[in-house]
Amino acid sequence: MDSGKSRDSLIDAMLQRLCYIPYRTRWQAHQMRLGQRASRQRGEGLEFDQIKAYQAGEGIRRVNWAATARTGYASLFVNSYYDEKDLTILILVDLSGSMDFGSARLTKKALAAELSASLVYSALACNDRIGLLGFTSEVACYFPPGHNRSYQWMIPEAILSHDSTCARANFGAVAQALQVYLKRRSLVFLLSDFLTEDMDGLMQALELMRRQHDLRSLWLTDPREHDLPVAHAIMRTQDLETGDYVTMRLSRRNCRRMAQAAQAHQERLHAIWQELDIAYTQVAPESDYETDITHWVASPLGRGRR
């Protein structure tokens, strides 16, 4: 089976596993849900409604000078717009080389695609806009937020088809890009394994994103990243972000060192998320994560959880 057919089969399987994720944002905590509205409301949106007579208190920027001039300036007219009630959701997906690793049902990249498919499904069900920004050291792919039902297939396909060979993640670059791609306050899901040596840079990037948006971190992990089997054997592994090979003995001592390093990295990540007050959760391919992630995402003021 070629890679294209294999990818299509994987996406078909993902679409069979879709789960509805009832998300809420922090600023919606004491408001009615956005999306799922029965009618449009006039307000400060971008979609034109009508030209109407000026009323006291309306801003000068909304004056329609052409319509006003046709009355000989005897009456003042303004443009009115429909209020923009849709929630904007953006899925940020780490497409670096380490996301290609997987020892269980799925690689971390495939897990990101599966989660993204469920998020798209949920957003479309709520009539909210949703898009994707995939990144490595730069923006790798972008689907602008919209109500596009073809995103149900296109977004997982874009994630799975990206060539991540020897690519590193630059969280600072994606935080800067977010300022360009998202002009309004949005709900942002960051899907990554957060395997970076620049923890200070990661913290600065998360702080920048958190200040502007409701940021949720989904930490994608694999059991073999923190739990190697002890064996009297030599293991040859490849760094998926550099292409370099490393040979190590699976001794009890070496496995313990690997586990300690993974634990230290995990504790540092937890400390960053808690200091920045960013909701986070850990997702692994072998887990039955649907129930846990549904409860976590639905909490508007949810704190991080291990």
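The values are calculated or read from the model by the stated rules, or taken from the named source; none is laboratory data. Being a predicted model, the structure only gives us computed values, none of them experimental. Here the Cβ is made from the backbone with ideal geometry for all residues, glycine too, and neighbour counts use every protein chain on show.
Just for segment 249-284: of the residues that are in a helix (DSSP H, G or I) and of a type in the set (Gly, Ala, Ser), which one is modelled with the highest pLDDT? Among those that are in a helix (DSSP H, G or I) and of a type in the set (Gly, Ala, Ser), it is Ala271.
May I ask you to say which residue of Asp277, Asp214 is over 26 Å from Ala167 (Cβ atoms), in contact (Cβ under 8 Å) with a residue 60 or more places away in the chain, surrounded by 12 or more Cβ atoms within 10 Å (Cβ to Cβ) and out of contact with any helix residue (DSSP H, G or I) (no Cβ under 6 Å at 6 or more places or on another chain)? Steps first, answer last, please.
Working: Asp214 fails: out of contact with any helix residue (DSSP H, G or I) (no Cβ under 6 Å at 6 or more places or on another chain).
Result of the check over Asp277, Asp214: Asp277.
In the condition set (1) surrounded by fewer than 19 Cβ atoms within 10 Å (Cβ to Cβ); (2) within 18 Å of Glu157 (Cα to Cα), Leu119 is compliant with all but (1).
All told, Ala117 falls short of being assigned to a helix (DSSP H, G or I), out of contact with any helix residue (DSSP H, G or I) (no Cβ under 6 Å at 6 or more places or on another chain) and within 23 Å of Met14 (Cβ to Cβ). Note on segment 144-212: enclosed helices (runs of 4 or more DSSP H) holding 3 or more residues that are under 20 Å from Ile278 (Cβ atoms) are 171-181, 199-212.
Listed by first and then second residue, the pairs linking a residue in segment 225-253 that is over 22 Å from Ser164 (Cβ atoms) to a residue that is of a type in the set (A, V, I, L, M) and part of a helix (DSSP H, G or I), with Cβ atoms under 6 Å apart and 6 or more places separating them unless they lie on different chains, are Leu228/Met258. With the condition kept exactly as written, say whether any residue in segment 99-107 is over 23 Å from Glu225 (Cβ atoms) and touching a residue at least 40 places away in the same chain (Cβ under 8 Å). Checked segment 99-107: no residue is over 23 Å from Glu225 (Cβ atoms) and touching a residue at least 40 places away in the same chain (Cβ under 8 Å). Taken as a whole, the condition of being in contact (Cβ under 8 Å) with a residue 60 or more places away in the chain, of a type in the set (Ser, Thr, Tyr), closer than 28 Å to Leu178 by Cα and surrounded by 18 or more Cβ atoms within 10 Å (Cβ to Cβ) applies to Thr88. Scoring Asn127 on the criteria (1) under 16 Å from the mean Cα position of the chain (by Cα); (2) at positive phi leaves a single failure, condition (1). The condition (being crowded, with 19+ Cβ neighbours inside 10 Å and either in contact (Cβ under 8 Å) with a residue 12 or more places away in the chain or not assigned by TED's automatic domain parsing to the domain that holds Ser164 (or both)) is satisfied by just one residue among Leu76, Leu95, Leu124: Leu95.
Scan segment 39-70 residue by residue and report those that are touching a Lys or Arg at 6+ places or on another chain (Cβ under 7 Å) and at pLDDT 85 or above. So that I can check it myself, show each step before the final result.
First, the residues of segment 39-70 that are touching a Lys or Arg at 6+ places or on another chain (Cβ under 7 Å): 41, 49.
Across segment 39-70, there are no qualifying residues.
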